[in-house]
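> Handing you this structure, nothing more for now.
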Amino acid sequence: MIVENDGTSVLLRRVPVRGEVMAEICTQLAPFRTSDTQVIRGETAISKDLAIDSLAVMDMVMELEDRFDVSIPMNVVAEIQTVDELADTILKLAARR
Amino acid sequence: MGLFDRHAGLLDAYRDVRTTGADPFQIRMERVLSPTEAIINGKTCLTVGTNNYFGLTFDPSCMQAAIDAIQAEGTGTTGSRIANGSYSEHVALEQEIAEFYGKKHCMVFTTGYQANLGVISTLVGQDDFLLIDADSHASIYDACKQTQAEVVRFKHNDPASLDARLRRLKDKNGGDKPGNRLVVLEGIYSMLGDSAPLKEFVEVCKKYGAYVLVDEAHSLGALGDNGRGLCESAGVLDDCHFIVGTFSKTLGAIGGYCVSNDPDFDILRVTTRAYMFTASLPPSIVASVRQALRVVRTRGAELRQQLWDNVHTLYDGLVAQGFKLGPEYGPVVGVHLPDRMMAIGFWRAMLDAGIYVNVAVPPATPNGVSLLRCSLCAVHTKEQLQHMIEVMTGIGRQMGVIGPQLKVAGGSR
Ligand SMILES: Cc1ncc(COP(=O)(O)O)c(C=O)c1O
């Protein structure tokens, strides 16, 4: 396992397991929980269920990209609705690396 | 679901803004008196938010050139250059801009917005990659929606973040991914007035063979020994493959352009929809812009000095009073306020006191910050700016933004 610090975030260069990705997404999304959605789950719809605007979604994606060393194109981000879909996308891109 | 239901959130926010009494998004300039004064709500106000960096909107030589052109060639071209042909003045303007940058080619657009939209979305296509700074202008984001290329965002002004993303494109499938990479940067960012670390960015782009496009909308005239912008002041004019700019700020009119040395550049004239399917600039605008460019070439050094003296007066004056500003000196000075309502309230109190600036609130701002956005003009006087600092200090104390009950302004970056 290679863990490299690029100064801003810890970069994970091996293929991550699903639990790690889910945990990181939940950490990133925690500040955007609402009274209706206090627990973030796989089926949580990111823009609908949480108090997060599209710009903040893109900023969060940038953090995840640096954590898991993948790039998620903006048009792909636009199609993602749930936490599960986001995790799947990251795992798929990391595996292809 | 009704057509406007999707805007419910924005409508709520907008209602909040309007209930404060004045609507910053529907302000009416009853009469503009000069580059630094306008009558608003029946009162003569100081304007410090018009992007009129050299004050050329009222330059007698530019005004006269426009008047002469209207008399000679009428008010408008009534069509696009593809359909109706170019006037010789369009071509002359393009040659003069190309010459100004020492580049071979120039294309003029009807606005800077269209220049970015058209050029960026057309340069890259299927299998290419467009890499943009997270804080890019709306026109760049809109270009992303129009292109077939994959779009990747990197952290604002962070060459290491760009490097990581270009490296990943290289790593993919164990080898170089086919396709071109175009990196888009801005000379001066329009909200906080900070500049890109262009030299470092260019190094990264060279390492991966990526093309560089720089939008000098706010830096034309303001940066560089000849006023060419950040590309010039950073010493990388030759490494910037495409430079985009606007006539709507320093040059005091309207329109946009892109210059390049690429031998095939002119193909964009028959592929760029934002160029092909809209009317070309009217003769009066072309004439005033040509004259404004002459002013930049002949009196630029002096105007640039005045502008930067004013930048230092305002920036240092506000910092001394405890205001939290954008990270560096620049003709755009962003003043951080703790939240949206405070920004609107502050803006309105300044207007009541006879000073007009812009207010910028999310989602138009990076990182959700709320700002008073000030832009300086070479012809602001020191007295005008000292007065502004006094007024802002008074309001800042009343509102508890600065002074004894110092509140920490939000949205640090
Ligand atoms: C960075 C940037 N690029 C492009 C533009 C568009 O310029 P124009 O007003 O000519 O459409 C602007 C101004 O709004 C800008 O701030």
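The values are calculated or read from the model by the stated rules, or taken from the named source; none is laboratory data. For clarity, every value in this text was computed on a predicted model and none was experimentally measured. Virtual Cβ from ideal backbone geometry, glycine too; neighbours counted across all protein chains shown.
> Looking only at residues in the range A:60-94 that are among the polar types (S, T, N, Q) and at the interface with chain B (Cβ under 8 Å from one of its Cβ atoms), which one is farthest from A:ALA30 (Cα to Cα)?
Let us first name the residues in the range A:60-94 that are among the polar types (S, T, N, Q), namely A:71, A:75, A:81-82, A:89.
Checking the rest, the ones that are also at the interface with chain B (Cβ under 8 Å from one of its Cβ atoms) come to A:71, A:75.
Values: A:SER71: 22, A:ASN75: 24 Å.
Restricting to residues being among the polar types (S, T, N, Q) and at the interface with chain B (Cβ under 8 Å from one of its Cβ atoms), the top hit is A:ASN75.
> Same structure, new question: Evaluate the following for B:LEU213: is it more than 30 Å from B:GLY85 (Cβ to Cβ), outside any helix (DSSP H, G or I) and in the same structural domain as B:VAL119 (by TED's automatic domain parsing)?
Working: more than 30 Å from B:GLY85 (Cβ to Cβ): no; outside any helix (DSSP H, G or I): yes; in the same structural domain as B:VAL119 (by TED's automatic domain parsing): yes.
Considered against the rule, which asks whether it is more than 30 Å from B:GLY85 (Cβ to Cβ), outside any helix (DSSP H, G or I) and in the same structural domain as B:VAL119 (by TED's automatic domain parsing), B:LEU213 comes out as no.
> What's the total number of residues in the range B:328-375 that are aliphatic (A, V, I, L, M), in contact with a Gly (Cβ under 6 Å, 6 or more places away or on another chain) and within 14 Å of chain A (Cβ to nearest Cβ)?
So the count comes out to 1.
> Counting just the residues of the range B:362-374 that are crowded, with 24+ Cβ neighbours inside 10 Å and not aliphatic (A, V, I, L, M), which one comes out nearest to B:GLY9 (Cα to Cα)?
B:SER370
> Pairs only if they're at least six apart or on different chains, beta carbon under 9 angstrom, first in the range B:247-259 and near the ligand (Cβ under 9 Å from one of its atoms), second of a type in the set (S, T, N, Q) and in a strand (DSSP E or B); list them, first residue then second.
B:LYS249/B:SER375; B:ILE254/B:THR246; B:GLY255/B:THR246; B:GLY256/B:THR246
> Right, here's the next one. Against the definition (more than 14 Å from every other protein chain (Cβ to nearest Cβ), farther than 23 Å from B:THR272 by Cβ and within 14 Å of the ligand (Cβ to nearest atom)), how does B:GLY193 come out, yes or no?
yes
> Looking at B:GLY227, B:GLY235, which is the one that is without any contact (Cβ under 8 Å) to a residue 40 or more places away in the chain, assigned by TED's automatic domain parsing to the domain that holds B:VAL91 and not in a helix (DSSP H, G or I)?
Criteria check complete, one pass: B:GLY235.
> Follow-up question, since we're still on this one. Across the range B:205-222, which residue is farthest from B:ARG304 (Cα to Cα) among those that are more than 12 Å from the ligand (Cβ to nearest atom) and surrounded by 24 or more Cβ atoms within 10 Å (Cβ to Cβ)?
Residue satisfying both the conditions and the ranking: B:CYS205.
> While we're looking at this one, here's another question. Could you check the range B:124-153 and list, in sequence order, the residues that are among the aliphatic types (A, V, I, L, M) and more than 23 Å from B:SER219 (Cα to Cα)? It would help to see each step written out before you state the result.
Looking only at the range B:124-153, we keep the residues that are among the aliphatic types (A, V, I, L, M), and these are B:124, B:130-132, B:134, B:138, B:140, B:143, B:149, B:151-152.
Result: B:VAL124, B:ALA149, B:VAL151, B:VAL152.
> Please determine whether any residue of the range B:170-184 is closer than 15 Å to B:VAL236 by Cα, within 16 Å of the ligand (Cβ to nearest atom) and at pLDDT 95 or above.
yes
> When B:GLY118 is evaluated against the numbered criteria (1) part of a helix (DSSP H, G or I); (2) of a type outside the set (Ser, Thr, Tyr); (3) away from the ligand (no atom under 16 Å from the Cβ), which criterion, by number, is the only one it fails?
(3)
Quick grid of which residues meet (1) assigned to a helix (DSSP H, G or I); (2) in contact with a His (Cβ under 7 Å, 6 or more places away or on another chain); (3) among the charged types (D, E, K, R); (4) touching a residue at least 40 places away in the same chain (Cβ under 8 Å):
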position	(1), (2), (3), (4)
B:ALA98	yes, yes, no, yes
B:GLN114	yes, no, no, yes
B:SER136	no, no, no, yes
B:CYS144	yes, no, no, no
B:GLN148	no, no, no, no
B:ARG165	yes, no, yes, no
